[in-house]
1. Do the conditions hold for residue 190, that is, is it part of a loop (DSSP other than H, G, I, E, B) and either at pLDDT 95 or above or assigned by TED's automatic domain parsing to the domain that holds residue 243 (or both)?
2. For residues that are more than 9 Å from the ligand (Cβ to nearest atom) and in contact (Cβ under 8 Å) with a residue 60 or more places away in the chain, scanning just region 145-166, find the one that is most open to solvent (accessible area, probe 1.4 Å).
3. Looking at (1) part of a helix (DSSP H, G or I); (2) in contact (Cβ under 8 Å) with a residue 60 or more places away in the chain, which one does residue 112 not meet, given that it meets all the others?
4. Could you identify the single residue in 75, 108, 95 that is assigned by TED's automatic domain parsing to the domain that holds residue 225, over 21 Å from the mean Cα position of the chain (by Cα), of a type in the set (S, T, N, Q) and open to solvent by less than 30 Å² (accessible area, probe 1.4 Å)?
5. Which one is nearest to the ligand (Cβ to nearest atom) among residues in region 52-63 that are open to solvent by less than 50 Å² (accessible area, probe 1.4 Å) and in contact with a Lys or Arg (Cβ under 6 Å, 6 or more places away or on another chain)?
6. Which residue pairs have Cβ atoms closer than 8 Å, lie 6 or more positions apart in sequence or on different chains, and pair a first residue in region 230-241 that is in contact (Cβ under 8 Å) with a residue 60 or more places away in the chain with a second residue that is within 8 Å of the ligand (Cβ to nearest atom) and hydroxyl-bearing (Ser, Thr, Tyr)?
7. Before we move on, is residue 121 surrounded by fewer than 24 Cβ atoms within 10 Å (Cβ to Cβ) and within 17 Å of residue 326 (Cα to Cα)?
8. Looking only at region 1-33, count how many residues are charged (D, E, K, R) and within 16 Å of the ligand (Cβ to nearest atom).
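The values are calculated or read from the model by the stated rules, or taken from the named source; none is laboratory data. No experiment lies behind these values; they were computed from the predicted model shown. Backbone-built Cβ (ideal geometry, glycine too); neighbour counts: all protein chains shown. Calculation scope for accessible area: heavy atoms of the full protein, side chains included, ligands and nucleic acids excluded. Shrake-Rupley method; radii C 1.70, N 1.55, O 1.52, S 1.80 Å.
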Amino acid sequence: MKNFAGKICFVTGGASGAGLGQAKLFSKSGMKVAIADVRQDALDNAVKEIVAFSGCAESDVLALKVDLTNREEYTAAADKVEEVFGGPPHLLIQTAGVNSFGPVEASTFDDFDWVVGVCFDHVVNGLLIFVPRMIKAYANKEEFHVATTASMGGFMAGSGTGPYSAAKAGVINLMYSYAETLVKYGAGATVLCPGNINSNIGNAEKFRPAHLKNTGYHVSEGTMKHLSSVHATGIDPVELAEILKEAIENERIICLPDHNPENWKNQLRGLNETIENYTLTKAERDAIAAERMKAMMEMMAKMKEEGHEAPPMMGWEVPEGAEPFGQARKDLDWIKR
Ligand code: NAI
């Protein structure tokens, strides 16, 4: 998709962070933009920010308060866009997401239902609700495109990222199917895989729905403060949206979070190696891990010898009152810490 002006864009999670960056940029590119989000106060603020950023008329921004995991609400939002803007979106960007981290063995059904519900199920909802409408309205007549925001976390997993990584891996894989199939309708699909974004996701736990509150993770003001301080070092949302725009224009299927995707390809190769290592025996994996540890220790010793300071383990300041995130709830005494 190369021409955006005068067309319709629908951004989920458009009231904050990456989604707001995308809404701003595609509004500035001349699109009418609908933003769907669960938080009304954030939506109200986002409309003002989009208008100020792009200089568009307020009537070219449609704010929709929707819980996107709810299919009836999502369908009603899709109907509303057609009613107000005169058709389904030419560009659907599904970016809403939440995160919460802790040992996978401590996870509860609520942890999975919330994280997978927002990060994966809402994407399925949007694809099933919108793609047939988009095909009927635009196939081989007008450009259209489907994008989602997954994560580098979808290519890998750690012991503390189970539900999140699984959901993002699902999104990445699903987008391959859409990329393959949309070609015959003259359309494309892109999955954006950011590393770290300067957004509000570190506070997502504050908005966890009441019926999904039973978490197995230790969550407090202090853990949210800590997580937020990590995200504060991430890429600017509008810059990330510019990278996505280039990927959409050039029909990249995976969009890496850098103006030069080459900068991330080594990381992808490393991840591929990690996956290959999962096919090895435990003894073989242990030998590789020991080899890597030895190489790292030698490098650190050499740096010390040459009078260099060892690189800091973390690239961010831990704020006062911060607590480690990614831990199990304190009363789960069977968890090995
Ligand atoms: P954010 O918290 O600033 O924005 C996410 C938005 O999604 C919020 O406005 C929130 O209200 C909305 N949302 C959550 N649940 C919803 C629901 N049920 N219905 C409707 N809206 C809902 O976070 P951020 O970081 O901008 O996240 C955007 C996407 O980027 C997410 O999919 C996230 O997983 C992904 N991502 C974020 C990274 C980061 O470092 N912040 C890194 C990689 C991927």
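1. no
2. 156
3. Of everything listed in (1) part of a helix (DSSP H, G or I); (2) in contact (Cβ under 8 Å) with a residue 60 or more places away in the chain, residue 112 misses just condition (2).
4. Just one listed residue meets the conditions, 108.
5. 54
6. 237/199
7. Answer is no for this residue.
8. Number of matching residues: 1.
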